[in-house]
Each structure stands twice: as structure tokens, then as C-alpha cells.
Amino acid sequence: MSAHTNTRSMELRRQRVIEPLANHIDRPSLVMLSRVSRRWNVGANAVLWRHLRSFVPLLRLLRPQLAGGIWVCIPICVPHKAVWLIRALLQVFESPIRASTLVRFDEIAACVHSINWSERGWSPEWLEVFASSAHLLHAMRPAHDLLPNLRSFHANCETLRGVGTIVPWLSASLHNVDIVLGLTADDAVGTYVLSALEGHSSHITSFSLRMDSSPNRRRFMAQALLAVLQGLGAVRRVTTPLFDVPSQHLNTLGAAPHLEELNLFLLESPIGGADVGMPVVDDRLDDLDELDDLHGLPEQSSSHQTSHGTPSATLGVFPSLHTLAITGFLTDIADVVRDTTQDLERLFLSVPSIQDEHEMILAMQAIASFCPRLSFITFDFFSADHPEWVNFDPLNQRPLEIHARHPRFAPNFLVLRIDGNGVVEPQILPDYI
């Protein structure tokens, strides 16, 4: 039997026996199994290091006395222990790293498939250590990804230091990227992380960039985001802000051949912003007879014909898009919908408020005329003002299901089902969303 065949046989045995077993036992037992033999160590590490919530274990691998690569749970709640560990990590780079240590680091780093990192809870001193250590390690081999098999990266960053902790770990192998920038993250912070992502976007299938409201981010970093979007050749799902002049970003997204789901924020997200915690008016609908308070749904003819206007989108744009979610004001929403595709099937709209009694009618008319294939729509209204302006009449043209969440209905939501004969069946259901 050749050496290659023997190696392959051992690999299959590890996959069939060790890893399935490792997936069903607790972490302390897994650490004990990793000490049984070299083969068990490899199999156990493949599970132990697969998902990380901290960079500390990776940096500890560089300390010679921990070259065995066993997972160590590090308590950081006691101040003097935290200071001791910071000093220990700083000492890592005071002398040259042994070649054997780097080999072991690479072996363990190759096991990491996902990172779920949050800056919250870490002091500036910790963040400084994480950032400087990772940057120094990356500088030693600039053409080498520190985590060559990293597939998923979820990061919640508040400051430039926080962003600095994640940038060295980004990898060309990434498939799923979800970045949340907090209240204090300004244009410089956003541009920094996006510029780092620009060279790692070719394999990404799911990209999400979300932001809280911030006075430092009026226009954000449009060009840096555009460069990332242009590299998303394999993307299927995108969540991103949209700017005052969105044509370049929409055109770039429209050229993505596999994009199926798109979530756009046309204004600062109410999550974490001023609209959160807004009191809910307790004049909910308790009886279906109260639906008359909304603009009554009209009698429906059997015709499903639509009168399309002149859309700004062109044929062939967004070839695979079937689901669109937009947060913004209705007038802007209608314009963006007409810049996407007539093949939309599902539409999710989040609206802070209705500006006047005609705004919703005009927006619904534009959406109904442009999207003849819609079968499902949800509306989420954040403001309880003027419930009489909630008007779905223009959508009553085809078989369609409409879910509306409004503070007036809370804690329930309104469902309108329109069948092929134009019959409207309204219901008030518990809000399970």
C-alpha cells in the first residue's frame, strides 16, 4: 500500500469515526480526547476550533509553552488576570516566533470555519492588543491568509480599534460576511473595513453591511462600498445601505448574475435609532368590522391587466432577483423598486411613517403597475400616526397576500388575501414575525 493510499485511508477514518463522535460530546471531554493520539488530536481540533467567538485562543497559539494547540478557556472577568494575559500576549512578539510554532498555528488556524466577534465588552487595551498582535502576525507573511478556510465572519464593531481587530483575519475563502457598525463608527471606520474586504469578495455568496443611526455618517462611504459590490461575482444575498444617488450601486447589484435576495436601507435604520422604543398606541383592531376605518378595499374586477409606466430599469438587469426588502420612505421605495426588476415575487417594506394621504396610494400604484408577478408583500409601519392613510387599494389587482404590521394593530397584524377572482379575505392574526 502506498503512502498516499495510507494517508487517504486515515483521513477517511478520521472523518467517519472521530469527527462525528466529537460533534456529540462536550468540550472538556473533547479536550481529553485530543490528548489520546495525534490522530485524535487532529479530529478533535477540527471540531474545537471550527467556531470562534474570540481571537484570544488564536493568539495564545503563538506562545511556545502552548504550542500543543489545545483549546484553553481563558477567564477575563477578573481584572488582574486580564492584565496578566495582556502582558503575556504582548511578550509573544518580543522574540522571533519559532518555525515549529508557526507550523502548529497554521494547522490549527486551518480548522477555523466561522468567527462571531463583537467588540462590546472588551476594553480599549484589549482591542489594542488584538489589533496590533494580528497585524504583526499578518505582516510576517502578507500574502498568506491567517485563516485559509474561514467561511463565515460575523462582526459587530463600534470603533476604529474594533475594526482593526477583524481586518487581519479576513480571508479570500469567505462565503458569508455580516458586519454591523455601531453608533460611533464614522466614515473613516467604514471605509477602512470595506477597503480591506475589497480583495476578499470573489467567493462571497452572502454579504451584509448594517449600521445604527449616527451623526458621523451622513453620506457614509459610497465609493468604498461600490468597490466591494463590484467584486461580488458569486453573491446571492445582499444587505446594504443605499445612498442619495444610488444609480451606481443599483447598477452594480443589477449586474450580479446570481443575486436572489436584496435588502436595502434607504435611510438610517430605526434599529438602535430614535424610533426604537416609540410608544405603541393601544387602539388595536379587535373586530374585523373596524377595517372600514382603513381605506376600504374596493370591489374587484376579474381583470389582472396592468398599465406599466416607463421603468428606469432595463431588461436583463437583476436576472435572478425574486425577493426585495427595503427600509425607507414610500416615495423613495417606489423609485427603487422600479430600478430593479419586474420579476419580483416577494416584497418586504419597512416604513417609518406615511408622509401624506396621497403618498401610499401613489407608491402602491407604482409598485402594482411595475411588478405583475408579486405574490407576497409585507408592510411594517413604525409610526402610529394617521392610520387612515394606510391604503392597499392599488394592490387589489391579482392573487396576492399582504401582511401589514402597524402600531394600530399591535400585538396583531392584518392579513389580506386576494384570490384569483378578486375576493378579499381580511384577517387579524397574532404577530408571529
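The values are calculated or read from the model by the stated rules, or taken from the named source; none is laboratory data. All values derive from a computational prediction rather than experimental measurement. When we count neighbours, we look across all protein chains shown, and the Cβ atoms used for this are built from the backbone with ideal geometry, even at glycine.
For every residue, the table says whether it meets (1) of a type outside the set (Ser, Thr, Tyr); (2) at negative phi; (3) not in a helix (DSSP H, G or I).
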site: ASP106; (1), (2), (3): yes, yes, no
site: CYS111; (1), (2), (3): yes, yes, yes
site: GLY121; (1), (2), (3): yes, no, yes
site: TRP126; (1), (2), (3): yes, yes, no
site: LEU136; (1), (2), (3): yes, yes, no
site: HIS144; (1), (2), (3): yes, yes, yes
site: LEU147; (1), (2), (3): yes, yes, yes
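What is the one condition in (1) surrounded by fewer than 18 Cβ atoms within 10 Å (Cβ to Cβ); (2) not in a loop (DSSP other than H, G, I, E, B) that SER202 does not satisfy?
The number of the failed condition is (2).
Within the range 380-400, can one find any residue that is among the acidic types (Asp, Glu) and more than 21 Å from GLU357 (Cα to Cα)?
No: zero hits.
So for the range 337-344 (the condition being within 29 Å of the chain's Cα centre (by Cα), in a helix (DSSP H, G or I) and either assigned by TED's automatic domain parsing to the domain that holds PRO387 or touching a residue at least 24 places away in the same chain (Cβ under 8 Å) (or both)), does at least one residue qualify?
Yes.
Which condition from (1) without any contact (Cβ under 8 Å) to a residue 40 or more places away in the chain; (2) crowded, with 18+ Cβ neighbours inside 10 Å is the one that GLN355 breaks?
Only one criterion in (1) without any contact (Cβ under 8 Å) to a residue 40 or more places away in the chain; (2) crowded, with 18+ Cβ neighbours inside 10 Å is unmet by GLN355, namely (2).
Give LEU197, LEU181, LEU146 a once-over and let me know the one that is within 30 Å of GLU260 (Cβ to Cβ) and modelled with pLDDT of 90 or more.
LEU197
If I ask for residues that are of a type in the set (Asp, Glu) and within 18 Å of VAL337 (Cβ to Cβ), which ones from the range 348-392 would you list?
GLU359, ASP380
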